[in-house]
Amino acid sequence: MAIMTKTIAELKDHRFYVPSYQRGYRWTEHEVTALLDDIYEFSTEGGKRYCLQPLIVKHRDDGSFEVVDGQQRLTTVYIFMKIASQEIRSAVPPFELEYETRSDSAKFLKSLSDEGHLDKEKNIDFYHIASAYEKINSWLDSQPDKSVAIQELNTKIRKNGLFARSCG
């Protein structure tokens, strides 16, 4: 098993497959806020990098990576990048997510936008994804300058945010 670190930017064109044994996205306001606060307060001075914790994956025959652990963080980062991409064109999520038993969740994630209606009552996964989207937006709105907060978080996540990726 190889262990390596990769920035979010280095996950460009990666496809992550969330198998049926993984629970659905269930992060609450508490986990989302804790992640945002932690990243935002982290200083990258001196070339320091922020570790987003392990992302344990297994390489699949189709070239994608099966997510064994880290789906909640990976999904939350994806949701933030969907928000950031509305302000920064180059901030689109560099990776894709697909779900074995919740295929509509991938479509729902891709369709997230401030203009789009969040049909969060359709199922429990949509509810938690939409709630995280709303929480991230309200957290950004609470910052002194939302645009600056988006820029800073985007830079920290893309260039300095590391997943310790373990491949089996």
Failed item, numbered, when Lys107 is tested on (1) surrounded by fewer than 21 Cβ atoms within 10 Å (Cβ to Cβ); (2) modelled with pLDDT of 95 or more; (3) not in a loop (DSSP other than H, G, I, E, B): (2)
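Over 17 Å from Asp141 (Cα atoms) and of a type outside the set (A, V, I, L, M, F, W, C): does that describe Tyr50? Before you say what the answer is, go through the steps one by one.
Details: over 17 Å from Asp141 (Cα atoms): yes; of a type outside the set (A, V, I, L, M, F, W, C): yes.
Yes.
Checking the structure you have, find out if any residue of segment 80-100 is in contact with a Gly (Cβ under 6 Å, 6 or more places away or on another chain) and either in contact (Cβ under 8 Å) with a residue 40 or more places away in the chain or of a type in the set (D, E, K, R) (or both). Talk me through it step by step, then tell me what you get.
Kept after step one, since they are in contact with a Gly (Cβ under 6 Å, 6 or more places away or on another chain), are these residues of segment 80-100: none.
No, the conditions are met nowhere in segment 80-100.
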Contacts under 6 angstrom Cβ, first residue in segment 49-66 being basic (Lys, Arg), partner assigned to a loop (DSSP other than H, G, I, E, B), 6 or more apart: Lys58/Gly168
Among (1) under 16 Å from Gln72 (Cα atoms); (2) free of Cβ contacts under 8 Å to residues at least 12 places away in the same chain, the one test that Tyr17 misses: (2)
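Kindly indicate whether Leu112 is under 14 Å from the mean Cα position of the chain (by Cα) and either surrounded by 13 or more Cβ atoms within 10 Å (Cβ to Cβ) or at pLDDT below 95 (or both). Working first, answer last.
Values: under 14 Å from the mean Cα position of the chain (by Cα): yes; either surrounded by 13 or more Cβ atoms within 10 Å (Cβ to Cβ) or at pLDDT below 95 (or both): yes.
Yes, satisfied.
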Residues located in segment 89-133, provided they are more than 15 Å from Gln71 (Cα to Cα), touching a helix residue (DSSP H, G or I) at 6+ places or on another chain (Cβ under 6 Å) and among the small types (Gly, Ala, Ser): Ala91
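The values are calculated or read from the model by the stated rules, or taken from the named source; none is laboratory data. Predicted, not measured: the structure shown is a model, and the values here were computed from it. Cβ: placed from backbone, ideal geometry, glycine included. Neighbour counts: every protein chain shown.
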